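Quick note: the coordinates plus some simple rules give every number you see, no bench work behind them. From a predicted model like this one, the values you see are computed outputs, not experimental measurements. Positions of Cβ are generated from backbone atoms using ideal geometry, with glycine treated the same way; all protein chains shown enter the neighbour counts.
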Amino acid sequence: MSGIMQGKRGLIMGVANNHSIAWGISKALHAQGAELAFTFQGEALGRRVKPLAAEVNSDFVLPCDVEDLASVDATFSAIKERWGGLDFVVHAIGFSDKNELKGLYADTTRENFSRTMVISCFSFTEIAKRAAELMGEDGAMLTLTYGGSVRVIPNYNVMGVAKAALESSVRYLAADYGPKGIRVNAISAGPVRTLAGAGISDARAIYSWNQKNSPLRRTATIEDIGGSALYLLSDLSRGVTGEIHYVDAGYNITSLPNLDRLRN
Ligand code: NAD
């Protein structure tokens, strides 16, 4: 197979099923010739991820729970042993207690704040450090964020705070690894119907609001996000690092909602 990712090898972290954003990204990378490895969290998801990996000709599928640093280390040891190096990594991992993805942000507990930050934010830093050790010049890293980091979205609460920290991490990591030629970027995706997305209270209403009020009058699909990820992970974006790139059908530029709807 030929394509702009021909000869590149990358690790995809965060496929849960065929609705996952990471799966949309995987399909786009595979179509352009990338060789992929996958991680999964827990055996139940492993049973879903292995057949998906096979669809993109990968049998390199590893367990990894980012709350367990030993499993993160084991993942990168396995990559080093089998591939010797790494060209790109995708971090599409997020978690918070769904009981706190509703109601007031002020009611967030200390325990869930810490857990949300470790899984949804700090894991990217731990992964970036290990990935960078395996990357040469032109390495690329990508994480996924959401506009609830910079504006208040009902019920997004502590995830918004974690995503703000994640976006800041992207800039610091880009500065850390830029001198090695390694780029670090994020995609800020609009709402997508995924397992993680369903954990947010009123997710359907937020999704439908975005559909009606985005400039493109729809939400971004996992294929849309895959296309933008392909750009950010390929040599096409060699001059781009530390960027938060919105793939949200333009929703982030809006202030007043669609006036046609207010008039009717
Ligand atoms: P998803 O449920 O398909 O993926 C979330 C992934 O996080 C799962 O694969 C899950 O196993 C993984 N994960 C959670 N805790 C983990 C842990 N301790 N160790 C390892 N993996 C763990 O949902 P998604 O929407 O595709 O989410 C991917 C990323 O995109 C997340 O960072 C999410 O916040 C972000 N995002 C989602 C949306 C949306 O509307 N769905 C919008 C913008 C950004």
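Considering only Gly227, Gln211, Tyr251, the residue lying farthest towards the positive end of the dipole of region 157-263 is Gln211, judged by Cα position with unit charges set on Cβ. Shape analysis of region 116-210 based on the Cα gyration tensor places the equivalent ellipsoid semi-axes at 29, 12, 11 Å, largest first. Extension gain for Glu137 to Val150 (0.36 nm times residue separation, less C-alpha to C-alpha distance): 1.5 nm. In sequence order, region 220-236 has phi-based couplings of 6, 8, 5, 6, 4, 5, x, x, 6, 5, 4, 4, 6, 9, 9, 5, 4 Hz under the Karplus curve 6.51 cos²θ - 1.76 cosθ + 1.60, θ = phi - 60°, and Gly or Pro positions carry x. With contacts taken as Cα pairs under 8 Å and at least 6 residues apart, the chain reaches a relative contact order of 19 percent. Using only Cα positions of the chain, each an equal point scatterer, no hydration layer, compute I(q)/I(0) via Debye at q = 0.08, 0.09, 0.15, 0.16 Å⁻¹ and quote the log10 values to two decimals. Per q value, in the given order, log10 I(q)/I(0) is -0.30, -0.38, -1.09, -1.24. At an R0 of 25 angstrom, the distance between the Cβ atoms of Glu81 and Arg238 translates into a FRET efficiency of 0.30. The long axis of helix 69-83 is offset from the longest Cα principal axis of the chain by roughly 50 degrees.
Working from Cα pairs under 8 Å separated by at least six residues, relative contact order for region 120-189 is 45 percent.
Rounded to the nearest 500, the helix-only mean residue ellipticity at 222 nm of the chain stands at -13000 deg cm²/dmol, with each DSSP H run of n ≥ 4 adding -39,500 (n - 2.57). For Val66, no residue has an amide H sitting under 5 Å from its own, ignoring neighbours fewer than 5 places away on the same chain, with H placed 1.01 Å from N.
Within the straight-line cut-off of under 23 Å between alpha carbons, the lysines reachable from Lys98 are Lys163, sequence neighbours fewer than 8 places apart in one chain being disregarded. Here region 89-120 is scanned for amide nitrogen atoms under 14 Å from the site 7 Å beyond the Cα of Ser71 along Cα-to-Cβ, giving 93-95, 119-120. Ignoring lysines fewer than eight residues from Lys80 along the same chain, the ones with Cα atoms less than 27 angstrom from its Cα are Lys8, Lys27, Lys50, Lys129, Lys180.
For the listed peptides 200-206, 222-228, a ranking on the average number of other beta carbons within 10 Å per residue, highest first, reads 222-228, 200-206. Using the Cβ of Ser208 as centre and a radius below 15 Å, the other residues enclosed give a net charge of +4, where K and R count +1 and D and E count -1. Per-peptide packing, taken as the mean over residues of other Cβ atoms within 10 Å, places 123-134, 50-61, 209-220 in the sequence 123-134, 209-220, 50-61 from highest down.
Using only Cα atoms, find the angle between the long axis of helix 157-177 and the longest principal axis of the chain, and express it within 0 to 90 degrees, rounded to the nearest 10. For 157-177 against the chain, the angle is about 40 degrees. How high is the relative contact order of region 1-128, in percent, with contacts defined as C-alpha pairs under 8 Å that are six or more residues apart? Relative contact order, region 1-128: 25 percent.
Placing unit charges on C-beta atoms (Lys and Arg positive, Asp and Glu negative, everything else neutral), compute the dipole magnitude of region 4-62 about its Cα centre in debye, rounded to 20. Roughly 60 debye, rounded to the nearest 20. Sequence-ordered 3J(HN,Hα) estimates for region 184-200 from the Karplus curve with 6.51, -1.76 and 1.60 and θ = phi - 60° stand at 9, 9, 10, 9, 9, 8, x, x, 10, 7, 10, 4, 5, x, 5, x, 8 Hz, glycine and proline given as x.
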